[in-house]
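Below is one structure, written out as structure tokens, with a few remarks after it.
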Amino acid sequence: MRIAFASGKGGTGKTTVAVNLAFFLAYSQQKVQYLDCDVEEPNGHIFLKPHIEGRTPVQIMVPVINQDLCINCGKCSSHCQFNALATLPNNVLLFPELCHGCGLCVRICPAGAITEGKREIGYIEKGRAIKDIEFVHGILNVGEPMAGPLINKVKGYYRDDCVQIIDAPPGTSCPVVKTIIDVDFVVMVTEPTPFGLHDLKIAVSVAQTINKPIGIVINRENGEFKPLMEYLSKNRLPILATLPEDRAIASHYSEGNLVIERLPLYIDNFMDLAVNIRRLLGKKTFG
Ligand code: SF4
Ligand code: SF4
């Protein structure tokens with residue numbers, strides 16, 4: 001079972017919910033894999049404290065242009081849909097940060113002037129976390145815009161004999177879609193505020209566009225926020241669990257502690273979450 005944790009914006013508590021559910025399931029004797037696809041700012045490791053066993057650099061293809069062979073036909077730049085190439089009167093310019101490594105220019109150059117080079121965009125670390133959770137995260141190089149290929153590499157570590165808990169990037173852009181496109185279920189974590197609701201609506205519409213089943217976790221609940229409840233009811237979005245506004249949770253978060261390890265009164269909240277996801281997917285177990 002593959003469950004992604006997403007949110008319309010950062011800071012909603014998405015990672016808090018994901019790491020605590022991973023811990024809860026592992027504690028309940030499930031084999032769990034935690035994959036952090038929030039490659040621009042991965043922080044699951046702060047809570048799950050993995051022992052890192054291996055680090056693998058991730059590279060993408062970039063074209064290398066031999067200006068001596070180039071006949072300045074302009075075919076490569078006119079066909080590159082990412083505007084990563086510009087044909088000037090005497091040479092071809094490459095903007096590596098725009099290149100998606102699709103390889104089209106290499107194939108269509110009539111003069112054989114373009115070959116494949118490599119550019120490192122980040123790396124993957126893999127290890128074992130508490131309760132024997134298998135841990136994988138991708139770390140994008142600072143300033144690197146190409147999150148997608150690194151997310152795909154993290155997903156290459158999927159293990160089907162585990163419950164896969166996937167921390168998606170926040171927001172609603174392309175990396176989020178790349179992360180959730182092949183999951184069984186998306187847990188949207190939101191806050192009961194006007195901003196939270198605004199971003200939740202956009203994130204839900206993205207997940208619905210690709211037909212993903214969605215459930216909601218309301219974090220930092222502090223009394224009923226009517227517009228959120230009306231939106232959820234109108235759109236038939238089930239509430240899987242809630243977590244209250246609690247300074248103790250915030251304090252443990254800031255120290256890198258797991259909520260259910262330090263505040264056992266919240267174990268039931270994560271049990272609700274696990275049971276509701278399973279029920280909505282029509283499964284008797286997570287195995
Ligand atoms: S397609 Fe090849 S020959 Fe034409 S401009 Fe690009 S590099 Fe030069
Ligand atoms: S590899 Fe693809 S994205 Fe990169 S420059 Fe060539 S055509 Fe453009």
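Overview of values
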{"quantity": "Conditions (1) within 26 Å of Glu40 (Cβ to Cβ); (2) not in a strand (DSSP E or B); number of the one not met by Glu120", "calculated": "(2)"}
{"quantity": "Residue among Glu134, Glu120, Glu144 that alone is within 16 Å of ligand 2 (Cβ to nearest atom), over 21 Å from Gln81 (Cβ atoms) and charged (D, E, K, R)", "calculated": "Glu120"}
{"quantity": "Strands (runs of 3 or more DSSP E) (entirely within the stretch 1-106) containing at least 2 residues that are more than 19 Å from the chain's Cα centre (by Cα)", "calculated": "51-65, 85-87, 92-94"}
{"quantity": "Complete set of residues in the stretch 237-260 that are part of a helix (DSSP H, G or I) and surrounded by fewer than 16 Cβ atoms within 10 Å (Cβ to Cβ)", "calculated": "Arg247, Ala248, Ala250, Ser251, Ser254"}
{"quantity": "Residue check for Pro96: modelled with pLDDT of 95 or more and not hydrophobic (A, V, I, L, M, F, W, C)", "calculated": "no"}
{"quantity": "Enumeration of residues in the stretch 200-215 that are under 17 Å from the mean Cα position of the chain (by Cα) and not in a helix (DSSP H, G or I)", "calculated": "Ile210, Lys212, Pro213, Ile214, Gly215"}
{"quantity": "Residue check, Thr172 more than 17 Å from the chain's Cα centre (by Cα), surrounded by fewer than 21 Cβ atoms within 10 Å (Cβ to Cβ) and not acidic (Asp, Glu)", "calculated": "no"}
{"quantity": "The one condition in (1) more than 8 Å from ligand 2 (Cβ to nearest atom); (2) more than 30 Å from Gly138 (Cα to Cα) that Val64 fails to fulfil", "calculated": "(2)"}
{"quantity": "Odd one out for Ala84, checked against (1) modelled with pLDDT of 95 or more; (2) near ligand 1 (Cβ under 10 Å from one of its atoms)", "calculated": "(2)"}
{"quantity": "When residues of the stretch 216-236 are limited to those that are touching a helix residue (DSSP H, G or I) at 6+ places or on another chain (Cβ under 7 Å) and assigned to a helix (DSSP H, G or I), the one farthest from Ala6 (Cα to Cα)", "calculated": "Pro227"}
{"quantity": "Subset tally (residues that are assigned to a loop (DSSP other than H, G, I, E, B) and crowded, with 23+ Cβ neighbours inside 10 Å) for the stretch 152-169", "calculated": "2"}
{"quantity": "Selected residue [surrounded by 16 or more Cβ atoms within 10 Å (Cβ to Cβ), in contact (Cβ under 8 Å) with a residue 40 or more places away in the chain and more than 16 Å from ligand 1 (Cβ to nearest atom)] from Val106, Val183", "calculated": "Val183"}
{"quantity": "Filter result for the condition that a residue is under 30 Å from Val17 (Cα atoms) and either within 16 Å of ligand 1 (Cβ to nearest atom) or at pLDDT below 95 (or both), over Pro89, Pro169", "calculated": "Pro169"}
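Conditions tested, residue by residue: (1) at pLDDT below 95; (2) out of contact with any Gly (no Cβ under 8 Å at 6 or more places or on another chain); (3) hydroxyl-bearing (Ser, Thr, Tyr).
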residue: Asn20; (1), (2), (3): no, yes, no
residue: Ser28; (1), (2), (3): yes, yes, yes
residue: Tyr34; (1), (2), (3): no, no, yes
residue: Leu48; (1), (2), (3): no, yes, no
residue: Met61; (1), (2), (3): yes, no, no
residue: Leu69; (1), (2), (3): no, no, no
residue: Cys102; (1), (2), (3): yes, yes, no
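Results for (1) closer than 24 Å to Asp182 by Cβ; (2) without any contact (Cβ under 8 Å) to a residue 12 or more places away in the chain; (3) of a type outside the set (Lys, Arg); (4) surrounded by fewer than 21 Cβ atoms within 10 Å (Cβ to Cβ), shown as yes or no for each residue.
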site: Lys9; (1), (2), (3), (4): yes, no, no, yes
site: Phe24; (1), (2), (3), (4): yes, no, yes, no
site: Val32; (1), (2), (3), (4): yes, no, yes, no
site: Leu35; (1), (2), (3), (4): yes, no, yes, no
site: Asn72; (1), (2), (3), (4): no, no, yes, yes
site: Cys76; (1), (2), (3), (4): no, no, yes, no
site: Thr87; (1), (2), (3), (4): no, no, yes, yes
site: Ala111; (1), (2), (3), (4): no, no, yes, yes
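The values are calculated or read from the model by the stated rules, or taken from the named source; none is laboratory data. Here the structure is a predicted model, which is why all the values come from computation and not from measurement. Here the Cβ is made from the backbone with ideal geometry for all residues, glycine too, and neighbour counts use every protein chain on show.
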